[in-house]
Structures are given as C-alpha cells and as structure tokens.
Amino acid sequence: MDLQNLIKEKGVVGAGGAGFPTHVKVGSSAHTVLVNAAECEPLLHKDKQLLFHRTGAFFKGLEMVMAGVQAQKGIIGIKKKHTALIDMLESSLPANVDICRVDDFYPAGDEITLIRETTGTIVPPGELPISRGIVVNNVESLVNIGTDGPVTTKFINLAGDVENRHTLEVPLGVSFADLLAYAKPTLSDYAVIEGGPMMGSIVTDMESVVTKTTAALIVLPKDHVLIRKYTDMASEERVNRIGKAACDQCTFCTELCPRYLLGHPIQPHRAMRSLVFHHSGDQPARPETHALYCCQCNLCSFVSCPEGLYPSQVCINNRKQALAQKAEYEGPLSNQGHPLAQFRKTPSRRLKTMLDLNRFPDTGELTDHSISPESLTLKLQQHIGGPAGPVVSVGESVEKGQKIATMGDALGSEIHSSANGTVTRVDDTCIVITPSEQTN
Ligand code: SF4
Ligand code: SF4
C-alpha cells in the first residue's frame, strides 16, 4: 500500500487544527516537511509530551512523510525555551532533519507564521504552504502516522483549576463529563474551554465527546476574564453595537495582527470602521473581503485592543458573509512582510498575564489513567469534508481498530472503533459503542 492510502486507511487528520485529512497533504511533492511543534496556546503542552514519550513513532512518521513527498529536508519548528527537549531530539535526529528554534510568542504555531519564522518564506495570501513546496504536519499527526494501526485515541491536556493537570491518551468518543470526573475540578462554579485559551470555545454540553481534533479541556472560574470574553463574543449584536460605539480607530488591532505583519491584506480596524455604516445588529450589504485572510487567532480581541472590543469576531462575521456571497478580495496583494514584524511579536508571557493564566503551569506529564466509559460516541464528522458513512449496524460486535465508517473516495477521514464492544446506536451523526472491557 502506498503512503497516501496507508495514511487514509489509518484515518489520520491534522490533530491540532480543523482536522484536514493528512493523506491529502502527502499527495504532492514538496522540498520541505515542516513539523509544527511550536504549540503556542498558553497551557497546552501535549506535543512536548509526545516528543518526549513517543519519540520513535514521531521520527518514524516524519521520515515516512519526507519519503512520501520526496522532501530533501525536514525542519522541526519548536520554541527555543524548550532546551531539554531540544537536546533530547538532537541526540537522535534522522538524516536531513534540523531543529529550528523560534521565539516564545503567540501565534508562533500559526502555520503561515511558523513557515516565515523557520524558512523565511512568506506564503501568499489565500495560498497553501504546498504552493511554496512546503508540507506542514503537527506532532500528533506524525506520531499517528508512525504508530502501528489506525487512529483510535487522542492526546489531550487537562488544565486550569483541576487536581489532575495531566496529559492523557484517551479513546476517541469518551465524554467530557468522564474526563472532568478524572480531572477533578477544584471549583464548584466553573466553566470549561475546549481547546486553547485563545482559539477554543466554551463547552455548553458536558456530554460532548473527544474527537480527532480535541486538544484540551481547561477549567476556569465562571467569572474568569476569558469566560467573560467568550461569552461577550458570542452575541453578534452586542459585538457590533459596542464596537460601533467605542472603536476609536487607533489601529492597534491591525498593527499587531500577525497576518497583517506578514503582508496579508487583513486589517481588522477597517472591519470595525465598517460597523459605522450599518445599523447595530445588521450585516453590511458588502462585507469587508480582506477579512477572508483572518486566521482567527483572536490576538486583536484578547490582547491588542485597548478598549476591550472584539475585532476578530467582526472579521469572522465579515468572512462568513463574504463566503456566503462568494465575494472575493479585489484589493492589492503584497508578498512583503511588514518591516517591523520581528519587533511586534506578542510574547507568550504577556499573553498569560493579560489573560490571568499565570497561576497555571504549562506542564502536566503524560499519565496512565483509569477512565472506563460506559459508552463511546464516535462522531461521523471529525474532519474537514462531509460525514463518514457507517459500515456497521446496531447489535454488531466490533473490535478496537475495526473500521466502522468510511468516506469512500470523498474528502474526509475513515473512522475506527476505539474499543472492543457492541454497537448500540447508529444515526446520521455518530456511532455509539458499549465497550466490553476497560478501554485504556
Ligand atoms: S484596537 Fe480596538 S479601538 Fe483600536 S481600532 Fe482596533 S478595535 Fe478599534
Ligand atoms: S483574529 Fe485578529 S489578529 Fe488574528 S488574524 Fe484575525 S484580525 Fe488578525
């Protein structure tokens, strides 16, 4: 079986982002494979744990991808502060693989930013890294490629106000409620963020389940600044009304925007200015199409804006509207980065201070656990593309690693059972399995 089909059959997707199917990435030729090990979200550290504890599988996956795309070199982009980890990796680096040390800033893990930091190349707005001969993979995807068998587990961080701040390998489909029971929140009145503090989302249903893209659960007090910000941002009417009234067009949001600093056309202050030209809560007749180039990092909303406004959300709303109208950006394009870009990076330490996260460590060992869920709910859509089609029915016995849903030739990812057990439900969105034994 060739590499592309092998990865497709294993069901590997980008474990750190939107879940882009990895087999598609290895279908082209590239001169460089870049490993995104920059992990820039505060409190997230599962990739570092994987590099420490799954080193063999990681290097094997990297070498397989390099061979598959015929790359002449591999680069591991990692923050220079991780000196012990870098020393360990350097002692066993495969041929033609280098480590590139990057500064500790946000969003160093944005793949377009990381490409600039590690190779000096600016990927033009709207283009993919492969247009510059570069394939980017995150650490967990490479570990999954280098590990025998299909993807049935996910590595996640449990962080914030919990007793057990651990990194865990858990079966796909386990509920957040089961994970929180293990994590043991130390507060009675708390909220939970799924993912990183900057680009995550508030969990509204604790029966939500782990998918191939779940990275972390972060427990915080309900009145924590981040929870307030996410709650405020959820109301488009409020974001627009207050933004229209309070934005003084200082342009800080644009001047610190990482994609603007790469020379991309995004300018969040212009999206904010456009609010003046329509009534509160209404959509502008013509969306700001430069918002199509926003990477949704939330830096402008959580850090840059001195007024505490939400330009990222205004950009996201404009982006949605532009996509719905099939409107395209028609302004000038540049391939030149901002001359002051290197001096306008937002240090991670500042981010943690501003978001009141300093009391939480960015560590938590990969730990064996004793979570024994009564059921596992495998989502049929854990990836970019359409949902997978079930190939099992209710009452059927399945084994761990058995394929239970397939994409056929469509874009997406194959889904495998994460436990031995019995199928108890199949519908348009998921397959539920009752495990017959402990899953870890
Ligand atoms: S930083 Fe805030 S106040 Fe300044 S232009 Fe941007 S949204 Fe407006
Ligand atoms: S969220 Fe804000 S800072 Fe980030 S890319 Fe979009 S406009 Fe720029």
Quick one: in the stretch 118-133, of everything that is within 15 Å of residue 74 (Cβ to Cβ) and over 19 Å from the mean Cα position of the chain (by Cα), which residue is surrounded by the fewest Cβ atoms within 10 Å (Cβ to Cβ)? 133
Mind counting the residues in the stretch 305-322 that are assigned to a helix (DSSP H, G or I) and either surrounded by 24 or more Cβ atoms within 10 Å (Cβ to Cβ) or within 14 Å of ligand 2 (Cβ to nearest atom) (or both)? 11
Return the residue satisfying two criteria in turn: it lies in the stretch 285-304 and is within 16 Å of ligand 1 (Cβ to nearest atom) and assigned to a loop (DSSP other than H, G, I, E, B), and of such residues it is surrounded by the fewest Cβ atoms within 10 Å (Cβ to Cβ). 296
Residues of the stretch 238-271 being part of a helix (DSSP H, G or I) and near ligand 2 (Cβ under 8 Å from one of its atoms), which ones? 253, 254, 258, 259, 260, 268, 271
Residue by residue through the stretch 230-250, note down the ones that are within 15 Å of ligand 1 (Cβ to nearest atom) and surrounded by fewer than 17 Cβ atoms within 10 Å (Cβ to Cβ). 232, 238, 241, 245, 246, 248, 249, 250
Quickly run through the stretch 176-227 and pick out the residues that are part of a strand (DSSP E or B), over 22 Å from residue 368 (Cα atoms) and touching a Phe, Trp or Tyr at 6+ places or on another chain (Cβ under 9 Å). 191, 192, 193, 201, 202, 220, 221
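Every residue, every condition in (1) within 30 Å of residue 32 (Cβ to Cβ); (2) under 18 Å from the mean Cα position of the chain (by Cα); (3) surrounded by fewer than 24 Cβ atoms within 10 Å (Cβ to Cβ), yes or no:
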| residue | (1), (2), (3) |
| --- | --- |
| 146 | yes, no, yes |
| 160 | no, no, no |
| 174 | no, no, no |
| 190 | no, no, yes |
Does at least one position in the stretch 318-337 carry a residue that is within 13 Å of ligand 1 (Cβ to nearest atom) and in contact with a Pro (Cβ under 8 Å, 6 or more places away or on another chain)? no
So, in the stretch 345-373, of the ones that are among the small types (Gly, Ala, Ser) and more than 17 Å from residue 102 (Cα to Cα), which residue ends up surrounded by the fewest Cβ atoms within 10 Å (Cβ to Cβ)? 370
Please enumerate the residues belonging to the stretch 192-215 that are surrounded by fewer than 14 Cβ atoms within 10 Å (Cβ to Cβ) and over 23 Å from residue 138 (Cα atoms). 204, 205, 207
Criterion first (among the β-branched types (Val, Ile, Thr), over 19 Å from residue 156 (Cα atoms) and loosely packed, with under 15 Cβ neighbours inside 10 Å) does residue 398 satisfy it? no
Residue check: is residue 342 more than 11 Å from ligand 2 (Cβ to nearest atom), within 23 Å of residue 111 (Cβ to Cβ) and surrounded by fewer than 21 Cβ atoms within 10 Å (Cβ to Cβ)? yes
Residue match in the stretch 140-148 (condition: assigned to a loop (DSSP other than H, G, I, E, B) and either at positive phi or without any contact (Cβ under 8 Å) to a residue 12 or more places away in the chain (or both)): yes
Close pairs (7 angstrom Cβ cut-off, 6 or more residues apart or separate chains): closer than 14 Å to residue 298 by Cβ in the stretch 226-237, among the basic types (Lys, Arg) and assigned to a helix (DSSP H, G or I) anywhere: 232/238
Go over the candidates 368, 409, 362 one by one and state the one that is without any contact (Cβ under 8 Å) to a residue 40 or more places away in the chain and either part of a loop (DSSP other than H, G, I, E, B) or more than 27 Å from residue 193 (Cβ to Cβ) (or both). 409
If you go through the stretch 323-353, how many residues are part of a helix (DSSP H, G or I) and over 23 Å from the mean Cα position of the chain (by Cα)? 4
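Just so you know, all these numbers are worked out from the coordinates, no wet-lab data involved. What you see is a predicted model, and the numbers here were worked out from it, not measured in a lab. Because the Cβ atoms are built from the backbone with ideal geometry, glycine has one as well, and the counts that use them run over all protein chains shown.
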